[in-house]
1. Looking for one value pair here: nearest-to-axis residue in chain A (by Cβ) for the rotation onto B, and the distance in whole angstrom.
2. If you restrict to DSSP beta bridges whose two residues both lie in chain B, what percentage is antiparallel, to the nearest 5?
3. If you take every DSSP beta bridge whose two residues both sit in the protein assembly as shown, what share of them, in percent to the nearest 5, is antiparallel?
4. Using DSSP to call loops (not H, G, I, E or B), can you name the trypsin sites (Lys or Arg not before Pro) in the range A:200-303 whose Cβ has at most 14 other Cβ atoms within 10 angstrom?
5. Any idea what the A:ALA141 label distances to the other copies are, label 7 Å down the Cα→Cβ vector, nm, shortest first?
6. From a point 7 Å beyond the Cα of B:ILE101 in the direction of its Cβ, which residues of the range B:32-46 have a backbone N at a distance under 19 Å?
7. Using a 10 Å cut-off on Cβ to Cβ distances, tally the other chain neighbours for every residue of B:100-108 and report the average as a whole number.
8. Would you list the membrane-span-like helices of chain B, meaning whole DSSP H runs whose alpha-carbon atoms span at least 30 Å along their axis and whose mean Kyte-Doolittle value is at least -1.0?
There are 2 protein chains.
Amino acid sequence: LKFEVQILGVGSATPVLERHPSAQVLSIDNESFLIDCGEGTQYRLLEQKIKHPRIRHVFISHLHGDHYLGLIGLISSLNLNQRSEELTVYGPKGLREILEIQFKYADTRIRFDLNFVEVDTTARNIILDHQFLTVETIPLAHRIPCCGFLFRTKPAPRKLLRELLPEEFPVTYMKMLKNGIDVHDELNQATYLAADFTLEAATERAYAYCSDTAYLERNVPQLANVNTMYHEATFTNELLSRAIETNHSTATQAAQIAQMANVGKLLIGHFSSRYKTLETFETEARAIFENTLLAEEGVIYEI
Amino acid sequence: LKFEVQILGVGSATPVLERHPSAQVLSIDNESFLIDCGEGTQYRLLEQKIKHPRIRHVFISHLHGDHYLGLIGLISSLNLNQRSEELTVYGPKGLREILEIQFKYADTRIRFDLNFVEVDTTARNIILDHQFLTVETIPLAHRIPCCGFLFRTKPAPRKLLRELLPEEFPVTYMKMLKNGIDVHDELNQATYLAADFTLEAATERAYAYCSDTAYLERNVPQLANVNTMYHEATFTNELLSRAIETNHSTATQAAQIAQMANVGKLLIGHFSSRYKTLETFETEARAIFENTLLAEEGVIYEI
């Protein structure tokens, strides 16, 4: 299964032309999950030719404008474009009210199934149990209620080597083998070891999205061993005091969390508009956690 | 006095990459007036290097997303950028409520003077009496409450030719001459004709913004003789029935209004996303009203 994330925005609250506000598209198989939706995200989706019908779930981390202002425009456009697929929006208290008041004054009647799931940003909850993955909230520490999202693929069954088995082999036995259970066939006095008749399943993979947050060690156990972690790095270490003041993280802090959680790869983003170039972020983070990448807009990262 | 309008968006509701949603900046002297503010307008202002402090008045025609969704992001950014100048937002009922609920959930405290003026979209009212101009609402016919805006410069005094007058000439006499009144000086038995000692004042100029609206002849008297009229032309005449259905205008209809109102120049915009090229709009409008221009993003039009 393809499991990847495309970054649409690596900017933060103050707008600059070189960087867009937060938005990412996580894709598994042929389905896409939109994570945050800053102003203009619908134009980023057009630029990247991401097909809207594939997006059925949108996750909003918090109600600061650079993370959600594009959602009302996106939903309005989906409606204009005759969308028929269901769409579920997960976000903190207030999001639904904000959208509905805008629909009301625009006299917009949404003609597809639009659902809202209000998430508790203070707890670790599984908010979506999907065919391919589960999505769990990651409580973050910000000025207003805010959570990240942990996407974890489900354990897949082992792959059955059908051609090695007898022709009339019972389905119940096949299921046992796929689940790694050896089969003893009493009737024919035969034993089939799962190890002989199946291949190892694809390993589970996990992607963690953590934006916006102050440095938060208590999340390390939840983030342990994820393949890829996106963590905000609004400032470099020189502005640590500013990071603390504004409940954001520095590149160093993002790398410290990555190291403690033993993640596979760290992507950093949400860079403050004050930085014209980003080398310092990379240098600083890599000094602590080597496998760090600066998130780049338009780029797809395999997880 | 410089009096000009810069177009920031000529698109309509359905997003396309080639055209942005509605927004314009009218400038007189060193002050700017923002007219409509579709999603992403703050990025257009950055692109065009338009200085935010110069904008003290924002006019929103109606609460369809392509005309106002950029306002919340713009105001939030002005606040982040430590704006100190006052800002007044003119718009229909609902706008203030929509903005305030978003400030509430974002825990945003606006630190500059932000005022709201709720406009009655059904009447012709002067909503701003400014040093250089007046702004009047133009009632339009759309699916939801909607009005245009008529910007008219104030009559300027005649320019005094000071060097031709005696040195100790009284200030009250000067004022009379500037207002075109001849002076008879009883004491010195001298007569000073305004025509001899002053130059003609700059003529008044007017700009009308009409978006979005069905074809509406009843507005012709209000629009009569304006120097430049922007009028929406969402469709070409081939889709007249669609224009009627959606309370929009065709290029032909915009030109008919321009002709009847005897305007100086017609700018058309708000083109539907279904049109990849725009030649037909131009041909169609010019067949009726020769001095028609397709509004182009980034271009500044003198009024």
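Rule-based calculations on the coordinates, nothing more; no lab input. Keep in mind that what you see is a predicted model, and the values were worked out from it rather than measured. A quick note on method: Cβ atoms are made from the backbone with ideal geometry, for glycine too, and the neighbour counts reach across all protein chains shown.
1. Looking at chain A's Cβ atoms against the axis toward B, the nearest is A:GLY40, 2.
2. On the way: 34 of 60 bridges.
If I count the DSSP bridges inside chain B, around 55 percent turn out antiparallel.
3. Counting DSSP beta bridges with both partners in the protein assembly as shown, the antiparallel share is about 55 percent.
4. On the way: sites: A:ARG205, A:ARG218, A:ARG242, A:LYS265, A:ARG274, A:LYS276, A:ARG286; in loops: A:ARG205, A:ARG274, A:LYS276.
Those that pass, being in a loop and sparsely packed, are A:ARG274, A:LYS276.
5. The answer, with the shortest distance listed first, is 6.1 nm.
6. B:39
7. Details: counts 0, 5, 10, 1, 4, 12, 13, 5, 4.
Rounded to a whole number, the mean comes out at 6.
8. Details: long enough: none.
Helices meeting the criterion: none.
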